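Some notes on the structure that comes next.
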Amino acid sequence: MLRQYELVELVKSYDPDADEDALNRAYVYAMKKHGAQLRTSGDPYYSHPVEVAGILTQFKLDSTSIIAGLLHDTVEDTDATVEEIRELFGSQVAQLVDGLTKLAMIELKSKDTKQAENFRKLLLAMSEDIRVLLIKLADRLHNMRTLHFCPPEKRARIARETLDIYAPLAERIGMQEIKTELEEIAFRELHKEAYESITARLNFLREQGSNLVPAIIKQLEKDMAEGGVKATVSGREKSPYSIWRKMQKKNASFEQLSDIMAFRIIVDDVAACYQALGIVHSKYHMVPRRFKDYISTPKPNGYKSIHTGVIGPENTRIEIQIRTQEMHEVNEKGVAAHWAYKQGEKVVGKNFRWIQELLEILEEASNPEEFLENTKLEMYNDQVFCFTPKGDLIGLPVNSTPVDFAYAVHSKVGNTCVGAKINGEIKPLRTVLQNGDQVEILTSKAQHPSPEWDRFVVTGKAKAAIRRYVRANKREQFVALGEQMLERTFKGENLEFNDKVLVGVLPNFEAESVEDIYAKVGEGLITAWDVMRAVYPSYKQSKLGKVVKSFKARSFGKSEKKSKSEPVKIKGLIPGMAVHFAGCCHPLPGDRIVGIVTTGKGVAVHSIDCKALEKYASEPERWLDISWGEGAINEVHIGRLKVILANEPGALGDLSNLIARHEGNIANLNITNRTLSYFELIVDIEVRDLKHLTDIIAALRASKVVSYVARASQ
Ligand code: MN
């Protein structure tokens, strides 16, 4: 275990301005807090955070990170609090420790790593400060290094998690070194036999003198020198895990794998990389399809290098990587390397694609601390990740609500959701979900998607489902209405009406079913008369006037047979059917009314005296018997009056006072004519019903400034 002064020395070796006092205090604090706690290895617990801090010094991280590394388990495992840490070590350290504690809690929620990709994204999204992630990876690395102390049943789970989540995460932020070590340890744990046989094989080859690594290095160095390229050559056997992966990928046995050795040529600049490549390719046969130029096209994580496979010195197939020193450090240390470069006032180029944002901050920031402070991991800030009660992770766009979550789980869950528990508490369906929330959806079979939801859901799936439902629901209304209209039209002419007679005319209306015809009639796309004429081509329709007259005679005042379910303000409509009041006649409750089925806009309610109705005289199938129901009382309607006022001071004021005193509200007022002696006005008044308007009219008539008042009709 690193001693206190050793750790401080390490930090000071690359950061002379490091806060020595704070480092010392943090070391002691961690030691005290973890006290007598022991690790499964039997070591004192505090050796773990100290080792984690040690790993972090290899990445030359700032003292804030090192201190947070020392304290990373104190809040989770001891009586330390974030507040206390803030007081003792400042808000930055406290924030990092808080972030790490949250990550630890999230880990507990996730019960399996099936959804590793989502979990990785969640970790990235939760690690608001990139240092949180770096410390987390160092933490995991140390836990893996000491994995053999764990009980066997725990080991496999931890190793799998490491392989599924942490190694790819390390790779994603470009930390090759950590990634490789995590993978090797996990591999040894999960595939012990494969690991052992590969290692034994490698040892055997070495003993046989088949380990040609030193000889090949020497030859390559000579080649470079002769070609005039200054280069450092290194070589190694590939790691057991990468050999095993290659065996799997190629479905090959160990013997069939020819290139188990990899060499690295490190040169000064990009031009030298291509020079070195030229030397290699002109001297050795290239193995087809093994050449990759990640310098001109870097990997998404920023990795840059040239890879090539050749039949190299000693007639052996080898892999060669060519890169600059700078590329090498970035490849191995990833994000941390950027920080180290900045520390040395040496800014690397814009070679990371996904990390572009980091680099922009890096370039703008005046000092390394500021860089790290501002370096938020923004790659998944457009997403949130939430847990199901079973521990599955659901990824959603930011601002998603429980309804979005429900639809993401399953459309059925979405369609029937009535409420949600977020982290165990009942919350409104419009609540915006946060990263790591555990969401439980409450459902009821009686529930339907509500058009209201459309206002706050953000996922396409939820929006589409809600609209589909509303549309399907509308269709139901159109079907019912269409059937009613057709039946009345046919019976009014004493013609036989049933589904059978309609089947024959389906093609006439491009309908696939009788229901389609109903829907089209209900929606007003075709008229009932069109259908009737198609069914009975030879039938001559009766005098239209007669139809309208008889319709008028029988309709009003009587309650309708239909719609006994919910109280509707207008009787005779199909419940829920789109309905609006015609602008021409402003019918009021109490007025005698009639419904006209419009094209695609549902039913327009007209007053029975409205002149606009003449237009529909030849289409009696559009007419709908309707009347006012009890529900209308609290509705506000517009009553339109024509008023003639004496043109004298205060007349308009008197008018509005009078209307207001009778609880009417002027919605619109338009002077249509004005002479020396009078105003002529059209006044729209919000009223409850006809009686209300009549009362207002009576009051106006009694006023001495009003010379004429009546309901306006066009
Ligand atoms: Mn830990």
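The values are calculated or read from the model by the stated rules, or taken from the named source; none is laboratory data. Just so it is clear, the structure is predicted and the values come from calculations on it, not from any experiment. Cβ sites come from the backbone with ideal geometry, for glycine too, and all protein chains shown count toward neighbours.
Beta carbons closer than 6 Å, at least 6 apart along the sequence or on distinct chains, pair a first residue in the stretch 471-491 that is touching a residue at least 12 places away in the same chain (Cβ under 8 Å) with a second that is among the acidic types (Asp, Glu) for PHE478/GLU523; VAL479/GLU515; MET485/GLU621; THR489/GLU621.
Looking across the stretch 14-41, the residues that are more than 20 Å from GLY90 (Cβ to Cβ) and either in contact (Cβ under 8 Å) with a residue 24 or more places away in the chain or of a type in the set (D, E, K, R) (or both) come down to TYR14, HIS34, GLY35, GLN37, ARG39, THR40, SER41.
Put simply, of ASP625, ASP591 the only residue that is touching a strand residue (DSSP E or B) at 6+ places or on another chain (Cβ under 9 Å), of a type in the set (Asp, Glu) and under 25 Å from TRP529 (Cβ atoms) is ASP625.
Selection of the stretch 117-148 for residues being of a type outside the set (A, V, I, L, M, F, W, C), within 16 Å of the ligand (Cβ to nearest atom) and either in a helix (DSSP H, G or I) or at pLDDT below 80 (or both) yields SER127, ARG131, LYS136, ASP139, ARG140, HIS142, ASN143, ARG145.
Within the stretch 149-168, the set of residues being away from the ligand (no atom under 16 Å from the Cβ) and buried (at least 24 other Cβ atoms within 10 Å of the Cβ) comprises ALA167 only. Residue selection: ILE217 satisfies the criterion of being surrounded by fewer than 22 Cβ atoms within 10 Å (Cβ to Cβ) and touching a strand residue (DSSP E or B) at 6+ places or on another chain (Cβ under 9 Å). Is the stretch 689-711 home to any residue that is modelled with pLDDT of 85 or more, part of a strand (DSSP E or B) and exposed (fewer than 14 other Cβ atoms within 10 Å of the Cβ)? Checked the stretch 689-711: at least one residue is modelled with pLDDT of 85 or more, part of a strand (DSSP E or B) and exposed (fewer than 14 other Cβ atoms within 10 Å of the Cβ).
Out of the residues in the stretch 70-87 that are in contact with an Asp or Glu (Cβ under 8 Å, 6 or more places away or on another chain) and part of a helix (DSSP H, G or I), state the one that is nearest to the ligand (Cβ to nearest atom). Applying the filter and picking the extreme gives VAL75. Kindly indicate the residue of the stretch 493-527 that is over 49 Å from the mean Cα position of the chain (by Cα) and not in a loop (DSSP other than H, G, I, E, B) and also surrounded by the fewest Cβ atoms within 10 Å (Cβ to Cβ) among those meeting that condition. Among them, the one singled out is LYS500. Residues of the stretch 37-63 that are aliphatic (A, V, I, L, M), away from the ligand (no atom under 12 Å from the Cβ) and either closer than 16 Å to VAL75 by Cα or assigned to a helix (DSSP H, G or I) (or both): LEU56 alone.
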